[in-house]
Amino acid sequence: MNRRLTEKTDRLLSKERGAVFKEPGGRINVCLIYPNTYRVGMSNLGFQGIYTLLNDRSDTLCERAFLPDEDDIDEYVRTDTKPFALESKRPLNNFDILAFSVSFENDYPNILKILELANIPLRASDRNQTHPLLIIGGVCAFFNPEPLADFFDVCFIGEAEEMLNEFIDTYKKSETRKELYGKAAAIEGVYVPKFYSVRYENNPPLPPFFASANPSECGSKGGMGGFPGGITQREAIEGAPEKIKRRYIKDISAHKFRQSIVTPETEFSDMYLIEAMRGCPWKCRFCVAGHIYSPARKKDLPAIKGEIDNALKITERVGLIGPSLTDYPHISEVLKTEGVDFSITSLRASRKSAELVGLLKKHKSVSIAPEAGTERMRRVINKKITEDDIIETSRLIFSEGMENLRLYFMVGLPTENDDDIKGIVSLVKKIRDISKKGNIVLTLSTFVPKPFTPFQWHGMEKIAIVKERLKAIKSFLLPIKGIKVFHDVPKYAYMQGFFAMGDRRGSKALEAMLKIHDWKKACIETGIDPDFYIMRNKDFSENLPWDFIDSGISKERLWDEYQKALSESIKGGRSEITV
């Protein structure tokens, strides 16, 4: 094993507080893998919560592994060093179970990179009982595991606190993989992909001119013969259920899903993360978290205080996690806890949020998310805040002496037009006019449709238009003193859309990406037109890849919300905004 790589691992471990070390003998050996770097993975509360949950079992050992840092991958290859677990430095092949926690679609190629480095067959059909069992959970598995289904033996659809323990109990009792698969499929929320066959419409292969075309030009015609067909049939076999019911925890206060490790080597240096809320009551039409984590649940005050007491044994820095902490009923009382340096996620634009800022005087920045620049666009996405709410909240935030106000907007939203982009510029200028003190930091992201949201039927805007609108916002705002503008890289947003909306055929593109690092070229190389998945509007009657999941909200209700959004788009006409 390479000395430089093991020494780097030892340095990371030396800075941690709370890591668990156990003897592997006589226990189920699980390696929990985050398909991104240590710094990113250890900032994820879900990843840490699973690590704690598994290690709370006396019969189970859970260690961690991550995607190697970019400058280390060549060293792994050069020295033929296999990826290994941090705690014991055992290679991944030495574990009973490899459990991937996946929170972001653009990490999908990293999963295959880790398996390739570990010399583990990529596809489940190519592995046998001598290989580790591969399981997957995390938010991406909740809403559409299909692009990854051919690579995994078992997928967890929903929140893992209960069903993961049930699965480990089943694993212990099963003598063969075949027996395990059958028993696991009977657990609510557990999906065994091998028990399902999917058929698609027969379409002619991509014509030669299309396969060799410039990726930026492919699919622009929308109706080319190269489009793959939709899903015609999905069949369950071996007695597996037709539908997989998403599993969720009714009382998040009763479950000890907590962080155990604190380290300075994360995005939130030396911070202990505590979940205050799960789910969001507002149901913005673009937001997958607001739908798949429904109903919204709030942790009771004694449970929060108990977690804070545990955190203070390790660090004074506590991060409160929740999609809408302004709506958490005990937030003011929690933030008044003495001896704690609190950080919170972005706040909703409201007077209550501004009042909370006064309890965060140690911090130099606070975030709010208007998402759109006009009242019309905010009605379309169901944001339920007005321009007056945004401006008044900003005024109160600046009056508290906050140095940085971070604003989050989206570009490329359904029905968006040039006036909506002008609206972003106009709104930011109005906020800047409130106070010349402090900075305004804009973060612009590209809209990506997600399963189980009303916008799952809506295609993405053309990338050229998105780039043009991002450029326009920057050109108008950057010359103004005290305003900074950041945005995502659009091509990666479209890659995210392809994996979010894809089906099992996307697995071929993922395999190709091991050698072809441009995701769109990888699609074309494998005969896939990604625009079939991300650029076209879909009809209600179409079989969507994730329709086999019962998320707790009907397809009819989501479609109704989508139609409401489209009707809102024509109310009030075009806005008259001067930039």
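All of the numbers you see were taken from the coordinates with simple rules; none came from a lab. Quick caveat: nothing in here was measured; it's all calculated off a predicted structure. Glycine gets a Cβ as well: all are built from the backbone with ideal geometry, and neighbour counts include every protein chain shown.
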Taking 320, 566, 148 and counting other C-beta atoms within 10 Å, the order from fewest to most: 566, 320, 148
Projected convex hull area of the stretch 137-176, Cα atoms, direction-averaged, in nm², equals 3.2 nm²
Protection proxy (average C-beta count within 10 Å per residue), highest first, orders 548-557, 78-87, 56-65 as 56-65, 78-87, 548-557
With +1 on each Lys and Arg Cβ and -1 on each Asp and Glu Cβ, how big is the dipole of the chain about its Cα centre, in debye rounded to the nearest 20? 1100 debye
Under the Kirkwood approximation for Rh and a Cα-based Rg, what ratio Rg/Rh is obtained for the stretch 393-510? 1.06
Between residue 564 and residue 395, what length comes free when the chain is fully extended (0.36 nm per residue of separation minus the Cα-Cα distance, one decimal in nm)? 57.6 nm
Equivalent ellipsoid, the stretch 445-579 (semi-axes from 5 times Cα gyration tensor eigenvalues, Å): 29, 25, 12
I'd like the Karplus ³J(HN,Hα) series for the stretch 543-555: coefficients 6.51, -1.76, 1.60, θ = phi - 60°, whole numbers in Hz, and an x wherever there's a Gly or Pro. 6, 8, x, 9, 5, 6, 8, 8, 8, x, 10, 6, 4
Per-residue Cβ neighbour rank within 10 angstrom, fewest leading, 163, 1: 1, 163
One finds the C-alpha centres of the stretch 430-473 and the stretch 310-330 to be spaced, in Å, by 28 Å
Antiparallel DSSP bridges in the chain: what percent, to the nearest 5? 20 percent
With +1 on the Cβ of every Lys and Arg and -1 on the Cβ of every Asp and Glu, the dipole magnitude of the stretch 471-575 about its Cα centre, in debye rounded to the nearest 20, is 740 debye
Just how large is the dipole of the stretch 308-373 about the Cα centre, in debye to the nearest 20, putting +1 at every Lys and Arg Cβ and -1 at every Asp and Glu Cβ? 200 debye
What is the fewest-to-most order of 357, 340 by other Cβ atoms lying within 10 Å of their Cβ? 340, 357
For the peptides 66-75, 400-409, what is the packing order when you average, over each peptide's residues, the other Cβ atoms within 10 Å and list the highest mean first? 400-409, 66-75
Taking the radius of gyration and the Kirkwood hydrodynamic radius from Cα positions alone, what is the Rg/Rh ratio for the chain, to two decimal places? 0.96
